[in-house]
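The values are calculated or read from the model by the stated rules, or taken from the named source; none is laboratory data. Source: prediction; values computed, not measured. When we count neighbours, we look across all protein chains shown, and the Cβ atoms used for this are built from the backbone with ideal geometry, even at glycine.
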Amino acid sequence: MSQDVFGDFSAASLAGTDQEVEFIKAALNLPACSKILDLYCGYGRHAIELAKSGYAVTGVDNTADFLSIAKQKAAELEVSIDFCQCDMREIHFYNHFDAVINMFAAFGYFNDDENSAVMGAISRSLKPKGLFLIDLLNREWMQKNNLNRYWRHPNGESVVSTKVEIYEGLAMMKRQLINQVTGQKMETDFQLRTYSLAEMTELLSFHHLQIKKVYGAFDGRTYDEDTPRMIILAQKMNE
Ligand SMILES: C[S@@+](CC[C@H](N)C(=O)[O-])C[C@H]1O[C@@H](n2cnc3c(N)ncnc32)[C@H](O)[C@@H]1O
C-alpha cells in the first residue's frame, strides 16, 4: 500500500472505511475511552475515526510518509492520537490495551518465526481478556478466484497489471507499470504469508489468544471458504 508511481491506493481503500469502522466498533463493543492499538495504522483511516468516537487510540506504523498524513489529518480534525513510528517486530507494550486491531491484510510480511513473534508481541500488549481483531485475506477464496487485474493508470499513458500466485501458503504479488508511450516498464514484487483458519487458530492459541468469532466480510457475515476475507476476533486468555 503506497502512494507511488503506481497510483494513490489510499483512495481505493478509503471507499470501505466507514463500513469497516462501524464493524470494528460493533465487533469490539468496548466502552468509550478504552485503549485501542491500531497496529500498522497506515495513514490513520481507522485510528482517526475510532478516536473521533471517543477511544484512546495509539497508531503504529513504520512508514514515515503515512504517519505524517495521519498526524496532519488528526490535527485538522482536532483528535488526539498517540502515533508512533516503529517496525512491527519491535513493539514493546505490556498489558496495556483493551484491544488491538490489525486491518487490511497487515500481517504475514515475514518468515514464520518472525510472524509468530509479532503475534506474541500483540498478545503481550493486551490486558487480560483484551480483544484482538485481525482482518486477513481469505486464502481459500483467493485460490478459487482470479485475482489478476489490469487497468489504466490515471496519467492516461500507462497501464498497471497485478498478478497474484499462491504457493504453499505464500501469496506472491507482482505489479507492473508499463508506459505505452515511452515503453518504460517498472515492476514491484511483494510476498505475503496467507493462513487457513486452522493455521490461524493454532498461531493465536500458541500466544494465548482464543477465537471468539470469525467473520467473512465487513457486513458481518460469517466466514466460510467463499467469503473474501477472514476477520478474526480473539480474546487474550490467561497465560
Ligand atoms: C496494507 S497496509 C494497512 C494499513 C492500515 N491498517 C489500513 O487499513 O489502511 C499495511 C501497513 O503496514 C505498514 N508496514 C509495512 N511493513 C511494516 C513493518 N515492518 N513495521 C510496521 N509497519 C509496517 C505499512 O507502512 C502499511 O501502512
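Laid out as a table, the results:
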{"read-out": "Flag if Asn155 is loosely packed, with under 13 Cβ neighbours inside 10 Å, closer than 20 Å to Tyr215 by Cα and not assigned by TED's automatic domain parsing to the domain that holds Thr17", "value": "no"}
{"read-out": "Which numbered condition Phe6 misses (of (1) hydrophobic (A, V, I, L, M, F, W, C); (2) modelled with pLDDT of 95 or more; (3) under 30 Å from Leu177 (Cα atoms))", "value": "(2)"}
{"read-out": "Qualifying residue in the range 108-117 (condition: free of Cβ contacts under 8 Å to residues at least 60 places away in the same chain and crowded, with 17+ Cβ neighbours inside 10 Å)", "value": "no"}
{"read-out": "Selection within the range 196-239 - surrounded by 14 or more Cβ atoms within 10 Å (Cβ to Cβ), assigned to a helix (DSSP H, G or I) and touching a residue at least 60 places away in the same chain (Cβ under 8 Å)", "value": "Met200, Leu203, Leu204"}
{"read-out": "Filtered residues of the range 26-42 (kept if within 15 Å of the ligand (Cβ to nearest atom) and either assigned to a strand (DSSP E or B) or under 12 Å from Tyr55 (Cβ atoms) (or both))", "value": "Ile36, Leu37, Asp38, Leu39"}
{"read-out": "The range 80-111, residues that are assigned to a loop (DSSP other than H, G, I, E, B), within 12 Å of the ligand (Cβ to nearest atom) and not aromatic (Phe, Trp, Tyr)", "value": "Cys86, Asp87, Ile91, Met103, Ala105, Ala106, Gly108"}
{"read-out": "Qualifying positions in the range 51-65 - over 25 Å from Cys33 (Cα atoms) and in contact with a Gly (Cβ under 8 Å, 6 or more places away or on another chain)", "value": "Thr63"}
{"read-out": "Selection from the range 54-73 of residues that are assigned to a helix (DSSP H, G or I) and either within 14 Å of the ligand (Cβ to nearest atom) or basic (Lys, Arg) (or both)", "value": "Ala64, Asp65, Phe66, Leu67, Ser68, Ile69, Ala70, Lys71, Lys73"}
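Yes/no per residue for (1) in a helix (DSSP H, G or I); (2) closer than 30 Å to Ala26 by Cα; (3) touching a residue at least 12 places away in the same chain (Cβ under 8 Å); (4) touching a Lys or Arg at 6+ places or on another chain (Cβ under 7 Å):
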{"position": "Pro128", "(1), (2), (3), (4)": "no, yes, yes, yes"}
{"position": "Leu131", "(1), (2), (3), (4)": "no, yes, yes, no"}
{"position": "Trp141", "(1), (2), (3), (4)": "yes, yes, yes, no"}
{"position": "Val164", "(1), (2), (3), (4)": "no, no, yes, no"}
{"position": "Met186", "(1), (2), (3), (4)": "no, no, yes, no"}
